Amino acid sequence: MSTTPNVPESQESYHGEPSPFPRWVLAIFIVLFVLVGYLLYARKRLA
């Protein structure tokens with residue numbers, strides 16, 4: 001009645017995350033990058 005088989009399962013489920021950042025953080029960085037690029041493009045076009 002040992003609980004040792006349950007320990008690797010919990011570690012595997014935690015290890016399953018591919019990156020340290022969640023997907024919404026990556027999405028925010030992409031949106032900010034696109035927004036900054038658009039603002040720089042619009043500023044050059046108006047000048």
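The values are calculated or read from the model by the stated rules, or taken from the named source; none is laboratory data. The structure displayed is predicted, hence computed values, not measured ones. Cβ placement follows ideal geometry from the backbone for every residue including glycine, while neighbour counts extend to all protein chains displayed.
Go through region 1-22 and give me each residue that's at pLDDT below 60 and among the hydrophobic types (A, V, I, L, M, F, W, C).
Matches in region 1-22: 1, 7.
Scanning region 23-46 for residues that are within 9 Å of the chain's Cα centre (by Cα) and loosely packed, with under 10 Cβ neighbours inside 10 Å, which turns out modelled with the lowest pLDDT? Even if it seems obvious, please write down each step before you answer.
We begin by selecting, within region 23-46, every residue within 9 Å of the chain's Cα centre (by Cα); these are 23-29.
With the extra rule that they be loosely packed, with under 10 Cβ neighbours inside 10 Å, the set shrinks to 23-24.
Working: 23: 89, 24: 92.
Result: 23.
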